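So the structure is just underneath, and the comments pick up after that.
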Amino acid sequence: MKSLKTSLLIFVFSLLAIGVQAQKSIQDSSITLPYVLLGYQGSVPGGDLADRFGYTNAMEIEAGIKFKNNFYLQTGIRPWFGSDIKERIAEDVTFLVGSEANGFNVNAIGADGLFYEVKFFQRGYTIPFVIGKQFRVLENNNPNTGIYVELGTQFIQHKVRIEVIGQNVPHLGADMTPGYDRLTNGFGAVQGLGYRYFGNNKFVNFQIGVDVSQNWTQSRRDFNFDYGFQDTRQRMDLLYGFRVAWIFPIYRDADTREYYF
């Protein structure tokens with residue numbers, strides 16, 4: 001993972017350097033265009049992932065470069081967050097008492113003999129690396145704008161965050177929750193389709209689209225306490241999502257002033 005994050009940082013700083021050096025007029029012709037992208041992704045899980053989580057939220061923090069031929073490369077990180085947990089974790093363990101009225105929140109017996117509320121959250125992230133192509137829709141449109149198609153690969157990791165309100169439950173301390181959190185990761189394939197708009201104004205640039213991914217993952221914990229054994233199954237985690245994002249292109253405007261002699 002450290003090498004993945006290092007490669008990501010190198011890629012981003014390289015794009016910044018290209019953008020600072022370039023001086024462009026975006027409305028005139030298709031150009032090489034570094035950019036940073038901030039957005040939101042909402043996904044419905046499928047396959048094995050649907051047995052663990054419901055609707056999945058993610059933030060997109062990515063960078064890319066679009067070339068003159070309208071091919072582009074893009075990578076970044078998409079942190080996950082959510083609270084729709086489908087998998088019943090530790091429901092058969094005697095020190096947990098279910099509370100269906102509050103969804104999958106349960107109570108745990110603390111060191112003082114009292115009950116403490118336990119909450120479960122979805123956490124994770126993906127690190128995608130995609131190659132895409134933009135297609136100009138109308139001849140008189142900005143040549144850097146159009147429908148895009150992309151495909152690539154990604155690293156994916158997810159787990160269940162377990163939070164005890166009051167922090168007085170030794171059985172669910174920091175050294176014990178790895179036995180319940182279902183930490184899982186692996187690699188997958190991702191495909192996307194949508195529309196990108198690069199305007200003449202640097203601050204009016206956006207993207208909307210849909211994507212799907214197929215991910216081959218496996219549990220990374222040595223032992224699940226409530227199973228009583230290690231989970232060695234090969235998983236197929238699927239995601240079907242939509243994306244909206246604001247794009248920040250990185251370039252210096254060409255000088256359009258007229259000079260008279």
Next on the checklist: So, taking all protein chains as they sit and a 1.4 Å probe, how much accessible area belongs to V106, in Å² rounded to tens?
Outcome noted: 10
Checklist entry - To the nearest 0.05, how large is the calculated FRET efficiency for V149 and Y40 if R₀ is 30 Å and r is the Cβ-Cβ distance? => result 0.90
Item to check | Table column - 3J(HN,Hα) (Hz), the stretch 169-180, Karplus curve with 6.51, -1.76, 1.60, x for Gly and Pro | outcome: 10, x, 5, 10, x, 4, 7, 10, 4, x, x, 10
Next on the checklist: Probe radius 1.4 Å, ligands and nucleic acids left out: which of V190, V210 has the largest accessible area, and how do the rest follow?
Outcome noted: V210, V190
Checklist entry - What FRET efficiency do you get for S29 and Q214 if R0 is 45 Å and r is their Cβ-Cβ distance, rounded to the nearest 0.05? => result 0.75
Checklist entry - Which value, in Å² rounded to 10, gives the accessible area of F223 with a 1.4 Å probe and all protein chains present? => result 90
Checklist entry - Under a point-charge model restricted to the Cβ atoms of Lys and Arg (+1) and Asp and Glu (-1), what is the dipole moment magnitude of the stretch 125-255 relative to its Cα centre, in debye to the nearest 20? => result 200
Checklist outcome for this item: Reported to the nearest 10 Å², L138 has, with a 1.4 Å probe, an accessible area equal to 90
Checklist outcome for this item: Ranking I156, I61 from most to least accessible area with a 1.4 Å probe gives I61, I156
Next on the checklist: Can you give the local net charge around Y40? Use residues other than it whose beta-carbon is closer than 9 angstrom to its beta-carbon, Lys and Arg +1, Asp and Glu -1.
Outcome noted: 0
Item to check | Simple spin-label estimate for D222 and D51 in nanometres, 7 Å along Cα-Cβ | outcome: 2.5
Item to check | 13 Å beta-carbon shell around L172, net charge (K/R +1, D/E -1) | outcome: -3
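The values are calculated or read from the model by the stated rules, or taken from the named source; none is laboratory data. What you are looking at is a predicted structure, and each value in this text was computed from that prediction instead of being measured. Cβ atoms come from the backbone with ideal geometry, glycine included; neighbour counts cover every protein chain shown. When the accessible area is computed, the model is the full protein with side chains, heavy atoms only, and any ligands, DNA or RNA have been set aside. Shrake-Rupley method; radii C 1.70, N 1.55, O 1.52, S 1.80 Å.
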